[in-house]
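Okay, so here's the structure we're looking at.
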Amino acid sequence: MSGTLVERLAPLPLVAILRGLLPERAIETGGVLIAAGFRAIEVPLNSPQPFDSIGALAEAFGGQAMIGAGTLRRLEDLARLQAAGGVLAVMPHADLALVREAKRLGLMVMPGVATPTEAFAALDAGADAIKLFPAEMLPPATVKAWRAVMPRSIGLYPVGGITPNHLADYWRAGASGFGLGSALFTPDLSTAALGANADSFVRAFAELPR
């Protein structure tokens with residue numbers, strides 16, 4: 001896979017956030033998402049044995065999707081992510097030291113921001129895209145205002161409380177894609193239910209204007 005983060009995600013700019021994923025379910029879960037067309041899968045580091053899951057997903061699906069870590073807060077975890085085969089570093093905040101180290105290691109990095117000050121500082125540090133978090137506090141009107149001043153090449157990805165019904169308003173406001181949490185995946189979800197959720201999001205994206 002080559003290209004910028006935005007380019008890699010363009011066919012289906014939905015990031016699957018698998019908080020609580022168990023390593024023994026990683027391949028099964030990843031397979032459902034890959035079959036649905038997902039191009040990015042994130043395992044938050046407050047999940048059980050997250051690097052085991054990341055490693056399994058990267059080995060099985062790294063050629064088809066960006067596999068990464070979320071809720072990343074420590075510098076040493078960037079090296080562990082890279083060693084596990086992950087390529088995407090996602091944070092809930094805009095720690096510029098983490099952004100710079102991720103780029104030094106050759107990773108794609110998406111820090112979380114809640115203000116334009118944080119967003120531009122993250123971009124100057126090398127961020128590949130911006131995670132608007134929590135999206136519940138950053139409505140489409142905010143995205144529209146940010147889009148007017150942000151470089152068009154920089155992706156804006158609302159994360160937090162996103163459901164299929166939210167996509168259209170954010171998309172019209174200038175969002176580049178979305179991070180999907182509990183509306184897509186929970187640890188107790190059956191494979192069939194995960195597939196149904198994934199299909200709902202894929203259909204909702206397909207209906208957005210281009």
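Here, each number is a calculation from the coordinates, and none is a lab measurement. If you're wondering where the values come from, they're calculated on a predicted model, not measured in any experiment. Cβ coordinates were reconstructed from backbone atoms using ideal geometry, including for glycine residues, and neighbour counts include every protein chain displayed.
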message = Please go through (1) closer than 24 Å to P11 by Cβ; (2) buried (at least 19 other Cβ atoms within 10 Å of the Cβ) for V113 and return the number of the only condition it doesn't satisfy.
response = (1)
request  = Please find, within the range 1-51, the residue that is surrounded by the most Cβ atoms within 10 Å (Cβ to Cβ) out of those that are among the β-branched types (V, I, T) and either part of a helix (DSSP H, G or I) or in contact with a Pro (Cβ under 8 Å, 6 or more places away or on another chain) (or both).
outcome  = V43
task = Report whether or not A84 is over 13 Å from the mean Cα position of the chain (by Cα), of a type in the set (A, V, I, L, M) and surrounded by 19 or more Cβ atoms within 10 Å (Cβ to Cβ).
result = yes
